[in-house]
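Here is the structure we will look at.
The values are calculated or read from the model by the stated rules, or taken from the named source; none is laboratory data. Remember, predicted model here, so these are calculated numbers, not experimental data. Here Cβ is always computed from backbone atoms with ideal geometry, including for glycine, and neighbour counts include all displayed protein chains. Each accessible area value is taken on the protein alone, full model and side chains, heavy atoms only, with ligands, DNA and RNA left out. Shrake-Rupley method; radii C 1.70, N 1.55, O 1.52, S 1.80 Å.
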Amino acid sequence: MNIQLNKQPSSIITWLKTYANRRMLVVFLLGFSSGLPIALVGGTLQAWFKTNGAGIILIGFISLLGQPYSYKFLWAPLLDRFAPTSLMDRRRGWMLLTQLLIISLIITMSAFKPDAVVKLFNLQIPTLLLLGLLLSCCSATQDIAIDAYKIEVLKHDERGLGSALGVEGYRVAMIASGGFALTLADKYGWQTTYLIMAGLMLFGIIATLFAPPVTVQLDKNQTKLVALISKSLKDFLTRDKAWLILLLLILYKLGDAFSHTLSSTFLLDLGFALKEVGMINKVLGVVATLIGVFVGGLFMTRVGLFKALLTFGILAAITNLSYMLLAITGKHMLVACAAVFVENICAGMGTAAFVSLIMSLCSPNYTATQFALFSSLSAVGRIYVGPVAGYLVQATGWVGLYLFSAVIALPGLVLLVYLRRQIISRDDDKQQQASDTDTASDTDSKGLQAA
């Protein structure tokens with residue numbers, strides 16, 4: 001079912017009644033909870049090390065703290081199989097547990113500085129990096145539960161807008177843990193900033209407690225963990241061109257990964273102050289992403305998934321060059337704002353379509369396991385390009401990095417076109433499943449009324 005936004009007031013009112021519901025609010029708040037820890041082990045942590053005198057190579061390697069996001073599919077079956085508590089359903093139980101652990105770890109990080117080290121295997125490792133790695137593990141596990149919950153709680157015709165709202169919440173959180181955090185750090189210090197970030201995670205706990213419960217019955221084969229893993233992988237890998245689809249998940253957002261991985265360090269290198277970086281890159285950039293995600297979600301309901309992916313992918317590749325222009329012109333506030341705004345709008349539109357693509361690939365019986373696998377592959381670029389980007393900057397400068405970010409986006413677009421039939425077919429299958437479910441639900445309701 002597509003969202004049709006006619007100009008008639010009655011159509012708008014009907015649309016609001018259909019989509020402005022409790023599920024959408026919860027998805028937005030859970031998106032916030034999911035997005036908040038990312039910057040605290042990414043761009044914000046990089047800025048903390050940068051202001052403490054760390055070099056570009058070390059800063060580039062900080063992106064490796066996000067590795068748990070690439071491996072989370074390994075323990076995702078545990079979340080499909082077990083519930084941490086009998087007080088609530090599996091999904092919400094895991095969300096609550098991980099949110100409490102995330103708050104504890106952020107508070108612990110606030111007690112250390114970048115120069116504090118711990119000895120591990122005869123190596124002097126910054127304590128913040130180890131804590132950041134643990135935080136990434138808990139955050140990735142929270143994402144497994146949230147992603148599975150969204151798929152199970154949203155109706156098919158809500159998924160486009162629901163995906164957009166989830167990303168909106170995610171990006172709002174990145175404003176908080178990015179631009180807002182940098183502004184706070186400039187005024188009150190990093191330790192106080194991380195304590196405030198821990199407090200903002202309470203929104204995730206509120207969302208979890210307010211969220212409608214979902215109960216998906218396990219089939220008899222899912223009572224055994226090994227069988228669950230085997231069947232979930234077999235379910236996907238037996239599909240037409242499954243391996244190429246997995247490759248697409250890695251390549252589609254690779255250009256964006258290169259353009260964003262060192263963006264805070266890039267602006268600091270140009271001579272912008274910490275507060276200015278927070279406002280330009282984190283606040284303006286995330287607001288632009290919010291606009292892009294919302295526009296992308298609505299556009300996708302009109303043209304379909306494949307056309308949205310292709311259009312947004314082309315725009316994202318072209319607008320990556322805006323950062324190259326900024327690298328050429330040097331420190332210039334207007335050019336910086338324009339580059340960040342335009343590039344993030346297009347990246348946001350691509351993200352809305354990409355999340356919907358992942359949701360369309362998941363089977364109902366293996367939601368957490370398959371979504372974790374697909375999203376893990378999509379995170380490969382964001383996590384592992386950091387060190388490569390650091391060496392590229394050292395070898396070719398910032399202009400070379402951003403030119404490369406545009407070129408590396410092309411293979412994903414070519415593969416997308418090649419897989420056009422599989423993507424359209426999968427999207428149509430999901431729509432048909434939703435239609436059948438709605439019909440069955442209507443029949444059941446009429447039968448109950450007659451009884």
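Is it the case that region 330-353 has a residue that's open to solvent by 40 Å² or more (accessible area, probe 1.4 Å), modelled with pLDDT under 85 and in a helix (DSSP H, G or I)? Looking for residues that are open to solvent by 40 Å² or more (accessible area, probe 1.4 Å), modelled with pLDDT under 85 and in a helix (DSSP H, G or I), one finds none in region 330-353, hence no. For region 83-141, filtering for residues that are out of contact with any helix residue (DSSP H, G or I) (no Cβ under 8 Å at 6 or more places or on another chain), farther than 24 Å from residue 58 by Cα and at pLDDT below 90 leaves 2. Of the conditions (1) surrounded by fewer than 22 Cβ atoms within 10 Å (Cβ to Cβ); (2) at pLDDT 80 or above; (3) at negative phi, residue 397 fails just one. Which one is it? Answer for residue 397: the failing condition is (3). Would a scan of region 373-394 turn up a residue that is open to solvent by 10 Å² or more (accessible area, probe 1.4 Å), among the aromatic types (Phe, Trp, Tyr), under 25 Å from residue 62 (Cα atoms) and at pLDDT 80 or above? Yes, that holds for at least one residue. For region 354-374, the set of residues classified as of a type in the set (A, V, I, L, M, F, W, C) and in a helix (DSSP H, G or I) consists of 354, 355, 357, 358, 359, 361, 368, 371, 372, 373, 374, listed by residue number. The residues listed here are 281, 344; of these, the one that is touching a Ser or Thr at 6+ places or on another chain (Cβ under 6 Å), of a type in the set (S, T, N, Q) and under 21 Å from residue 400 (Cβ atoms) is 281.
If the condition is being open to solvent by less than 70 Å² (accessible area, probe 1.4 Å) and assigned to a strand (DSSP E or B), then region 83-137 contributes 118, 120, 125, 126.
Residue count for region 299-327 satisfying the condition of being in contact with a Gly (Cβ under 8 Å, 6 or more places away or on another chain), surrounded by fewer than 24 Cβ atoms within 10 Å (Cβ to Cβ) and modelled with pLDDT under 85: 1. Scan region 400-414 for residues that are open to solvent by less than 60 Å² (accessible area, probe 1.4 Å) and among the hydrophobic types (A, V, I, L, M, F, W, C) and the total you get is 5. Test residue 434 against the criterion of being under 23 Å from the mean Cα position of the chain (by Cα), modelled with pLDDT under 75, among the aliphatic types (A, V, I, L, M) and more than 16 Å from residue 250 (Cβ to Cβ), and give yes or no. No: the conditions fail for residue 434. Among the conditions (1) farther than 27 Å from residue 162 by Cβ; (2) touching a Pro at 6+ places or on another chain (Cβ under 7 Å), the only one that residue 280 does not satisfy is (2).
Would you check if there is a residue in region 221-237 being outside any helix (DSSP H, G or I), farther than 22 Å from residue 103 by Cβ and either open to solvent by 60 Å² or more (accessible area, probe 1.4 Å) or modelled with pLDDT of 85 or more (or both)? Checked against the condition, which is being outside any helix (DSSP H, G or I), farther than 22 Å from residue 103 by Cβ and either open to solvent by 60 Å² or more (accessible area, probe 1.4 Å) or modelled with pLDDT of 85 or more (or both), region 221-237 yields at least one hit.
Just to be sure I understand, how many residues within region 281-290 are over 16 Å from the mean Cα position of the chain (by Cα) and open to solvent by 20 Å² or more (accessible area, probe 1.4 Å)? Within region 281-290, residues that are over 16 Å from the mean Cα position of the chain (by Cα) and open to solvent by 20 Å² or more (accessible area, probe 1.4 Å) number 2.
Does residue 60 satisfy the criteria of being more than 22 Å from residue 25 (Cβ to Cβ), at pLDDT below 80 and more than 21 Å from the chain's Cα centre (by Cα)? So residue 60 fails the test. Residues of region 159-200 that are open to solvent by less than 30 Å² (accessible area, probe 1.4 Å) and of a type in the set (D, E, K, R): 168 alone. For region 53-68, the set of residues classified as open to solvent by 50 Å² or more (accessible area, probe 1.4 Å) and over 13 Å from residue 129 (Cβ atoms) consists of 53 only. Regarding residue 313, is this residue touching a Leu at 6+ places or on another chain (Cβ under 6 Å), in a helix (DSSP H, G or I) and within 17 Å of residue 410 (Cα to Cα)? When the stated conditions are applied, residue 313 passes them. Contact map, region 244-255: residues that are farther than 13 Å from residue 354 by Cβ and open to solvent by 20 Å² or more (accessible area, probe 1.4 Å) paired with residues that are modelled with pLDDT of 90 or more and in a helix (DSSP H, G or I), Cβ distance under 7 Å, separation 6+ or inter-chain. Pairs shown: 244/415; 247/415.
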